[in-house]
Amino acid sequence: PCRQNSLESYPVFILVLWLAGLYFNQVLASCLGLVYLYARHKYFWGYAEAADKRITGFKLSLGSSGLLVLLAALGVANRFLDEYLDFHVTKKLRHSS
């Protein structure tokens with residue numbers, strides 16, 4: 001079950017990592033990607049030892065993948081606004097500070 005779970009979540013992880021890196025920030029996306037991989041490693045070894053030990057890895061992987069989804073969504077939305085509606089979020093944020 002643990003291996004199947006990893007195989008099912010891997011394509012989504014790769015897609016979201018790519019989108020977050022392309023449209024938001026490569027460094028932040030890669031750091032979150034490393035956190036996700038560490039969390040999956042921790043989940044796998046926790047799953048192999050005892051059911052209770054897998055929870056930390058699961059929560060960490062869920063949190064890091066959730067942040068990647070958020071970054072990807074923000075990046076794609078920013079690109080859409082900039083490209084099609086001529087609304088520059090980053091310029092608006094710089095001028096308002």
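Contact order for the chain, expressed relative to its length and based on alpha carbon pairs under 8 Å spaced 6+ residues apart, stands at 29 percent.
Taking 0.36 nm per residue of separation and subtracting the current Cα-Cα distance, fully stretching the chain between residue 28 and residue 9 would add 4.8 nm. For the chain, the longest principal axis of the C-alpha atoms and the axis of helix 26-49 are separated by about 20°. Note the angle between two axes, namely the Cα long axis of helix 2-23 and the longest principal axis of the Cα atoms of the chain, as a number of degrees from 0 to 90, rounded to the nearest 10. Helix 2-23 sits roughly 20 degrees off the main axis of the chain. For residue 47, the shell of other residues with beta-carbons less than 9 Å away shows a net charge of +1, using +1 for Lys and Arg and -1 for Asp and Glu.
Provide the gained length on full extension for the span residue 48 to residue 78, in nm with one decimal, where the gain is 0.36 nm per separating residue minus the Cα-Cα distance. Intermediate values should be presented prior to the final figure.
Details: separation 30, 0.36 × 30 = 10.80 nm, distance 4.18 nm.
Here the answer is 6.6 nm.
Among (i) 18.3, 51; (ii) 16.7, 54; (iii) 12.9, 39, find the value of Rg and Dmax of the Cα atoms in Å that was calculated from the structure presented, and write down its label. Looking at Rg and Dmax of the Cα atoms in Å for this model, the match is (ii).
Read-outs throughout are calculated quantities, based only on the coordinates presented, and are distinct from any laboratory measurement. In this text, all values refer to a predicted model and were calculated from it rather than measured experimentally. Cβ: placed from backbone, ideal geometry, glycine included. Neighbour counts: every protein chain shown.
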